[in-house]
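Have a look at the structure below, then the notes.
Computed from the coordinates by the stated procedures, all read-outs in this text should not be read as laboratory data. Just so it is clear, the model here is predicted, and its values are computed rather than measured. Note that we place each Cβ from the backbone using ideal geometry, even for glycine, and neighbour counts take in every protein chain shown.
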Amino acid sequence: MNVSAQETVQTGISSILEVEQYGRAIHIMAMLLIGFGFLMVFVKKYGRSALTATFLLVSVSLPAYLAIKGFGIFEEKGEIEQFILAEFGAASLLIAAGALLGRIKMYQYLILGLLFIPFYMFNELIVVDDYFHFIGKVADTGGSIVIHAFGAIFGISAAVFLSAKEHREAPILADAASDRFSLLGSMVLWVFWPSFCAALVPVEAIPATVVNVFLALCGSTLATYFASVKIRGKISPADIANAALAGGVAIGSSCDFANHFEAIIIGVIAGTISTIGFAILQEKQQKFHKIVDTCGVSNLHGIPGIFGGLAAIVVVDGIDMGAQLKGLATTLVIAVIAGLFSGKIVSLFGKPKLIYDDEAEFETETETAE
């Protein structure tokens, strides 16, 4: 085959791969807007605000990520691949915002996004790209560590400055309608999660990755049901909508290395510890830290993300255990510092008069009628 023919074949292959990546990028966008958006409408009177905040957070994070990439510090990627990496940043931001949901003004979500993305990318540069050559190769294909754990710990840390006494005393109410919409969001995330984890893996690893992610999600969903009934006596909609996704969070670090049995075991363990977190630990944790974690991101993304990063040490053949532990520790340290700093900055812009209520900033039906 002559050089011209080889170049034609390579161009054709690249085009096919970009088309496939485009499909997965669209799936991830559905997760960001529909999945995360509707997952967060469980707060009874805050549905319109939660969806709008999701819209704004995605809209500010994607261009911010791509603009910073334009500085040339990061490794050059293909157009769609860079966009997928930006979507990963948006996902981590939505996780962080979940801890603060309902307690900041709408424009403060934008400020949060502009603060979050540079810190997220700094951590990505250190842990994923090993820019300073002191960590090594970290196994984290689907972002258990750098997406989920980072976003959760950032959000919880920011909540330190964004959880007033009256916030801790205010109930977070849900009803049948808000729970149904939240479960819809959870199911959308469930369906598209394999595209999230397989977005940038080599073509030959995609089939096994997809199956592993679904098996992990099956494991966490079943474990959530049994654990929820065992602990609470009845099924909790909040457990099913959230902890059922913990398998997708935890399998991220090893999704392209685990065998199918390991994937479902990781899912079962993640679903169990996440349900225990929501049912038993969350209230105690919030009282201890004097914060409010509206969406329970510590239990869905934080603890399962850390577990997933540690599980990779057992699952991934030839893994550098030291690098994995350093990558996890570095992520947690940066997330805590960045979250505290960002929370303090956002708090300087005041707080809403009403919390967990659309009437704080939205036209209400009564106002529209008048």
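Okay, here's what the table says:
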| quantity | calculated |
| --- | --- |
| Label-to-label distance, nm, for residues given as LEU325 and SER59 (7 Å Cα→Cβ offset) | 4.6 |
| Dipole of the chain, positive direction: furthest Cα of SER178, LEU281, PHE119, with charges on the beta-carbon | LEU281 |
| Tensor-based shape of the stretch 46-127 (alpha-carbon gyration tensor, a/c under 1.5 rounded, otherwise prolate or oblate) | prolate |
| Kirkwood-based shape ratio for the chain, expressed as Rg/Rh from alpha carbons | 0.98 |
| Selection from GLN108, SER92, ILE26 lying farthest towards where the dipole of the chain points positive, charges on Cβ | GLN108 |
| Highest to lowest packing among 39-50, 183-194, scored as the average C-beta count within 10 Å | 39-50, 183-194 |
| Computed over the stretch 115-254: relative contact order in percent, which uses C-alpha pairs under 8 Å that are six or more apart | 31 |
| Phi-based couplings in Hz for the stretch 294-301 (Karplus 6.51, -1.76, 1.60; Gly and Pro marked x) | 3, 8, x, 5, 5, 8, 8, 10 |
| Relative contact order of the chain, pairs being alpha-carbon contacts under 8 Å that are 6 or more residues apart, as % | 26 |
| Set of aspartates and glutamates with alpha-carbon distance to LYS287 below 16 Å, sequence-local pairs under 8 removed | GLU166, GLU169 |
| Residue-span extension gain [ARG48 to ALA67] - 0.36 nm each, minus C-alpha spacing | 3.9 nm |
| Relative exposure of ASP357, ASP140, judged by other C-beta atoms within 10 Å (fewest first) | ASP357, ASP140 |
| Descending semi-axes in whole angstrom, ellipsoid equivalent of the stretch 10-95, from the Cα gyration tensor | 29, 16, 7 |
| More than 17 Å apart - percent of Cα-Cα pairs taken over the stretch 39-86 | 47 |
| Rounded tilt (10° steps) of 47-69 against the dominant C-alpha axis of the chain | 40 |
| Qualifying chymotrypsin sites (Phe, Trp or Tyr not before Pro) in the stretch 89-162, DSSP loop, other Cβ atoms within 10 Å at most 13 | PHE132, PHE134 |
| With Cα atoms, 0 to 90° folded angle of helix 206-232 axis to the chain main axis | 30 |
| Dipole magnitude of the stretch 23-168, debye to nearest 20 (Cβ charges: Lys/Arg +1, Asp/Glu -1, about Cα centre) | 940 |
| 0 to 90° range, to nearest 10: angle between helix 260-276 axis and the chain longest Cα axis | 20 |
| Efficiency of FRET from Cβ geometry, HIS289 and GLU75, R₀ 30 Å, rounded to 0.05 | 0.20 |
| Scaled radius of gyration (Cα, divided by 2.2 N^0.38 Å) that the stretch 98-193 gives | 1.36 |
| Neighbour-count ranking [beta-carbon atoms within 10 angstrom, fewest first] of LYS353, LYS77 | LYS353, LYS77 |
| PHE134 paired with VAL19, simple spin-label distance in nm, labels 7 Å along Cα-to-beta-carbon | 4.7 |
| Pair LYS165, ASP317: separation of 7 Å Cα→Cβ label points (nm) | 6.0 |
| Sites LYS234 and VAL191 - FRET efficiency at Förster radius 35 Å, r taken between beta-carbons, to 0.05 | 0.85 |
| Dipole moment magnitude, nearest 20 debye, the stretch 12-369 about Cα centre, only Lys, Arg, Asp, Glu C-beta charged | 1260 |
| Top positive-direction residue, dipole computed over the stretch 12-369 with Cβ charges, set THR331, LEU17, VAL138 | THR331 |
| Per-residue Cβ neighbour rank within 10 angstrom, fewest leading, THR330, THR275 | THR330, THR275 |
